[in-house]
Amino acid sequence: MPDLRQTLKTLKTLKSLQELDRDLYRLQDELKRFPQEVTRKREKLRVESERLAEVVKKLTETKVRLKEIEDLTTGQRVRVRKLEHEASESRADAALLVAFQHEIRGLKRDIGEAEEEGLGMLGEIERLSAERVALQAVVAELEKEFSLYSTNIDKESKHTMDRAQAMERERKKRVGAELPPDVLGQYEKLLASREGQAMAELDKRVCQGCYVSVPNNIYVRLARCTELVHCPSCGRILFLREA
Ligand SMILES: [Zn+2]
């Protein structure tokens, strides 16, 4: 005959285990999340640092280009002055004068265009400089945050690990020698697949793990208390409040 007392005892052990395992599961979940959070923060820092590097690069390139334009126009201005001087010395030669004036007009037009381009670049340099300052502040803040978080997380996970280890020891005690290995195996499989909740109360024929109503025969078998009964829907080990 199926043993009523044995089933009750097994259920009692499982319930006391479940109480502990719920918290243990949460701790282990926390421990898993710590490195994920570190990775997330490191990634954020990397993205902002890259944006900063990109802005610095653009800023440098724009400054180099501006310098090139300035050097070019300086040379063109010297050339204009030289041509103006030569033109004034050759007033007698009308054809030559026309040629000089033609070249001077061309050069002045080029200088005007270059100055306009240079002005646009000055605006761009101003904009990029402001962006660089803002990004530098963002990166510095993220670096500070990351280093603080890393330090805290080390302490935190050490603390959590200590707690988890203490709970593991308590768990071993509770498992004791009383639980049949196949029952423990089933229970632990459920623990893993049901996010730390291997057991569920049956309340008014509704499983409190998945909130699905169970057929009457499940309730009858559970009330008889001669075997472990699983919820047909979520598979959790069921118990009644009185049990
Ligand atoms: Zn269920």
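Structure summary
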| quantity | calculated |
| --- | --- |
| Yes/no for Gly123 being closer than 30 Å to Gln76 by Cα, surrounded by fewer than 13 Cβ atoms within 10 Å (Cβ to Cβ) and at pLDDT 90 or above | yes |
| Tally, over region 204-225, of residues that are touching a residue at least 12 places away in the same chain (Cβ under 8 Å) and either over 13 Å from Leu240 (Cα atoms) or within 15 Å of the ligand (Cβ to nearest atom) (or both) | 10 |
| Which numbered condition Glu195 fails, given (1) away from the ligand (no atom under 16 Å from the Cβ); (2) under 23 Å from Lys32 (Cα atoms) | (1) |
| Some residue of region 9-27 being surrounded by 11 or more Cβ atoms within 10 Å (Cβ to Cβ), modelled with pLDDT under 95, in contact with a Pro (Cβ under 9 Å, 6 or more places away or on another chain) and not assigned by TED's automatic domain parsing to the domain that holds Met161 | yes |
| Neighbours by Cβ (under 9 Å, 6+ apart or cross-chain): first from region 90-115, assigned to a helix (DSSP H, G or I); second of a type in the set (Lys, Arg) | Leu97/Arg91; Glu103/Arg79; Ile104/Arg79; Leu107/Arg77; Leu107/Arg79; Ile111/Arg77 |
| Among the residues listed as Glu145, Glu131, Glu126, the single one being within 19 Å of Leu52 (Cα to Cα), free of Cβ contacts under 8 Å to residues at least 60 places away in the same chain and under 36 Å from the mean Cα position of the chain (by Cα) | Glu126 |
| Some residue of region 167-176 being farther than 30 Å from Asp3 by Cα and either of a type in the set (A, V, I, L, M) or more than 16 Å from the ligand (Cβ to nearest atom) (or both) | yes |
| Among the candidates Asp182, Asp162, residue that is away from the ligand (no atom under 16 Å from the Cβ), over 30 Å from the mean Cα position of the chain (by Cα), among the acidic types (Asp, Glu) and modelled with pLDDT of 90 or more | Asp182 |
| Top-ranked residue of region 226-243 - restricted to ones that are among the β-branched types (Val, Ile, Thr) and touching a residue at least 24 places away in the same chain (Cβ under 8 Å), ranked as farthest from Lys189 (Cα to Cα) | Thr226 |
| Residue, nearest to the ligand (Cβ to nearest atom), within region 234-243, restricted to residues that are surrounded by 14 or more Cβ atoms within 10 Å (Cβ to Cβ) and in a loop (DSSP other than H, G, I, E, B) | Cys234 |
| Considering residues of region 198-231 that are in a loop (DSSP other than H, G, I, E, B) and β-branched (Val, Ile, Thr) only, the residue farthest from the chain's Cα centre (by Cα) | Thr226 |
| Unique residue being in a helix (DSSP H, G or I), hydrophobic (A, V, I, L, M, F, W, C) and in contact (Cβ under 8 Å) with a residue 40 or more places away in the chain when the list is Val64, Val38 | Val38 |
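Condition check ((1) over 16 Å from Thr7 (Cβ atoms); (2) β-branched (Val, Ile, Thr)) across all residues:
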{"residue": "Leu179", "(1), (2)": "no, no"}
{"residue": "Val183", "(1), (2)": "no, yes"}
{"residue": "Ser193", "(1), (2)": "yes, no"}
{"residue": "Ala198", "(1), (2)": "yes, no"}
{"residue": "Val206", "(1), (2)": "yes, yes"}
{"residue": "Pro215", "(1), (2)": "yes, no"}
{"residue": "Tyr219", "(1), (2)": "no, no"}
{"residue": "Leu222", "(1), (2)": "no, no"}
{"residue": "Val229", "(1), (2)": "no, yes"}
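The values are calculated or read from the model by the stated rules, or taken from the named source; none is laboratory data. Quantities reported herein were computed from a predicted structural model and do not represent experimental measurements. Glycine gets a Cβ as well: all are built from the backbone with ideal geometry, and neighbour counts include every protein chain shown.
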